[in-house]
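Participant: There's a structure below that I have some questions on.
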Amino acid sequence: MSLRTYHDPLHRGITLNASDAAEAMVMQLIDAAPFQRLRRIRQLGPAFLTFHGAESSRFTHSLGVFHLARLALERLLQFDSGLEEHRGLLYGAALLHDLGHAPLSHTGEEIFGLDHETWSARLVREHPTVREPLEAYAPGTADGVANLLERGSSPHSVIKALVSSQLDCDRLDYLLRDSYSTGTHYGQLDLERILSALTLAPDGTMAIHPKGLMAVEHYLVVRNLMYRSVYNHRLNVVCNWLLEQVVRTARQLGAAHVWADKIMATWLWSLNQLDLDTFLANDDLRTGYHLLRWQDEGPAPLAELCKRFLNRHLLKALAVEHLSHSNQLEVLTLTRQLAERQGFDPALCCGLRHQQQRGYHPYKGGLRLWDGRQLRALEQASPLVASLITPADSSWLIYPREIHGELQAALAT
């Protein structure tokens, strides 16, 4: 069949036509095993333990990003027909931007110590089922996609902006999708208005027509709210910290004491020997199976951590960003003492987690308004956007719920 339609809960029908060379390339890339693996990588990592509907995959998100990139390109072709020559580069980069995600998405990057952009680029350059369709479309496309994903380099600034900027297709899709799957209502973006406001500045870079200012302001506020309410939710922080302790503990105990199959053994103890096949062989299913085995058969410290995560017997998290760094460390010391008195191993259940979030960064692909006469930085035209530039810090004290009352009493004195 020359037509193929993916029925998406957000964008409805995403239809591909094999008679179009660029879309035929996309169809081949979707069918490739490295892309199919993304069905087995949760978009929001362990957030399903906080928001039970957060079960969507990187596969679904990546299709959505491609779809939005295609819509955005059609809009911008009205201003510069020369963008047509970069269609294959844009489609490839939009579709494959998350190809190198570890299990549990961004959480996996942190717990295993990998960079998904680096692995996405490596898979594009080296895996034949990914590289060959790109090169068959046009020689040099694979390296162009890899360079864009890894280094942000592109022959045209508009293509880069659509893939990675303050207003890119990745962010537009994940805000809509993550809001939908988590049941929150912050991510109700005016997508049609945003896309219709895309234009080109006199220097050929992407800009926003002032008619879309409020829709873009709303998008940036939504992004800020989603980070505060979903991505940096205190239970998400706890789950990420727990998984970090699982991998840290398994690595410290070593292969002599921790069962792992050949694939996971490489991920844990020989990360510098990770080849393409071993990378692709790990996903949420394999990692989840190891958590189950370690809960049942692992050494006591590892089993306890896995049991907490799998049975959702989560630790508590207390916001302590109002305290100075030295006071935070004093409170952590107190917390560890209280936990040890109750029979807990403080190393497995007490910690500090720091995060910083900036709602808008004008120096990293900052947005500009262009009305045909005047070009202005977005933050200069919008006090609301300017207010999002200041970074917000958060610090969480993590501890077992069994000492909560005693800890609160100690902190109140």
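Participant: Of the residues in segment 269-280, how many are farther than 14 Å from ALA255 by Cβ and either open to solvent by 30 Å² or more (accessible area, probe 1.4 Å) or at pLDDT below 95 (or both)?
Facilitator: The total comes to 3.
Participant: So if I check each of ASP170, ASP203, ASP178, which one is touching a His at 6+ places or on another chain (Cβ under 8 Å) and either at pLDDT 95 or above or under 26 Å from LEU83 (Cα atoms) (or both)?
Facilitator: ASP170
Participant: While we're here: Please indicate, with yes or no, whether at least one residue in segment 205-213 is of a type outside the set (Lys, Arg) and more than 24 Å from ARG376 (Cβ to Cβ).
Facilitator: no
Participant: Continuing with this model, one more query. Against the conditions (1) open to solvent by less than 20 Å² (accessible area, probe 1.4 Å); (2) over 26 Å from ALA21 (Cβ atoms), where does ASP115 fall short? Just the number, please.
Facilitator: (1)
Participant: Another question, then. Only one of (1) at pLDDT below 95; (2) part of a helix (DSSP H, G or I); (3) not β-branched (Val, Ile, Thr) fails for ARG293. Which number is that?
Facilitator: (1)
Participant: Quick test for you: out of THR60, THR15, pick the one residue that is under 21 Å from LEU162 (Cα atoms), touching a strand residue (DSSP E or B) at 6+ places or on another chain (Cβ under 6 Å) and either among the hydroxyl-bearing types (Ser, Thr, Tyr) or free of Cβ contacts under 8 Å to residues at least 40 places away in the same chain (or both).
Facilitator: Only one candidate qualifies: THR15.
Participant: Report the residue count in segment 315-348 for those that are among the polar types (S, T, N, Q), open to solvent by 80 Å² or more (accessible area, probe 1.4 Å) and not in a loop (DSSP other than H, G, I, E, B).
Facilitator: Going through segment 315-348 one residue at a time, the tally reaches 1.
Participant: Of everything in segment 110-165, what is within 15 Å of GLN28 (Cα to Cα) and outside any helix (DSSP H, G or I)? Give them in sequence order.
Facilitator: Scanning segment 110-165 gives HIS127, ALA138.
Participant: Is it fair to say ALA161 is out of contact with any helix residue (DSSP H, G or I) (no Cβ under 8 Å at 6 or more places or on another chain) and open to solvent by less than 30 Å² (accessible area, probe 1.4 Å)?
Facilitator: Spelling it out, ALA161 is indeed out of contact with any helix residue (DSSP H, G or I) (no Cβ under 8 Å at 6 or more places or on another chain) and open to solvent by less than 30 Å² (accessible area, probe 1.4 Å).
Participant: Give the residue that is surrounded by the most Cβ atoms within 10 Å (Cβ to Cβ), with candidates limited to residues of segment 217-255 that are within 24 Å of LEU315 (Cα to Cα) and small (Gly, Ala, Ser).
Facilitator: Out of the qualifying residues, it is ALA250.
Participant: For segment 33-40, does any single residue satisfy the condition of being open to solvent by less than 20 Å² (accessible area, probe 1.4 Å), in contact with an Asp or Glu (Cβ under 7 Å, 6 or more places away or on another chain) and outside any helix (DSSP H, G or I)?
Facilitator: Within segment 33-40, none of the residues are open to solvent by less than 20 Å² (accessible area, probe 1.4 Å), in contact with an Asp or Glu (Cβ under 7 Å, 6 or more places away or on another chain) and outside any helix (DSSP H, G or I).
Participant: For TYR91, work out the one condition from (1) open to solvent by 10 Å² or more (accessible area, probe 1.4 Å); (2) hydroxyl-bearing (Ser, Thr, Tyr); (3) closer than 15 Å to ILE14 by Cβ it doesn't fulfil.
Facilitator: It fails just one condition, (1).
Participant: Let me ask you something else. For segment 289-305, give me the residue count where each residue is without any contact (Cβ under 8 Å) to a residue 24 or more places away in the chain and open to solvent by less than 50 Å² (accessible area, probe 1.4 Å).
Facilitator: 2
Participant: Residues in segment 256-268: is at least one open to solvent by 30 Å² or more (accessible area, probe 1.4 Å), in contact (Cβ under 8 Å) with a residue 40 or more places away in the chain and either closer than 16 Å to GLU109 by Cβ or part of a helix (DSSP H, G or I) (or both)?
Facilitator: No; the residues of segment 256-268 include none that is open to solvent by 30 Å² or more (accessible area, probe 1.4 Å), in contact (Cβ under 8 Å) with a residue 40 or more places away in the chain and either closer than 16 Å to GLU109 by Cβ or part of a helix (DSSP H, G or I) (or both).
The values are calculated or read from the model by the stated rules, or taken from the named source; none is laboratory data. Given the structure is predicted, the values throughout are model-derived calculations rather than measurements. Using ideal geometry, Cβ is built from the backbone for each residue, glycine included, and neighbour counts are taken over all protein chains shown. When the accessible area is computed, the model is the full protein with side chains, heavy atoms only, and any ligands, DNA or RNA have been set aside. Shrake-Rupley method; radii C 1.70, N 1.55, O 1.52, S 1.80 Å.
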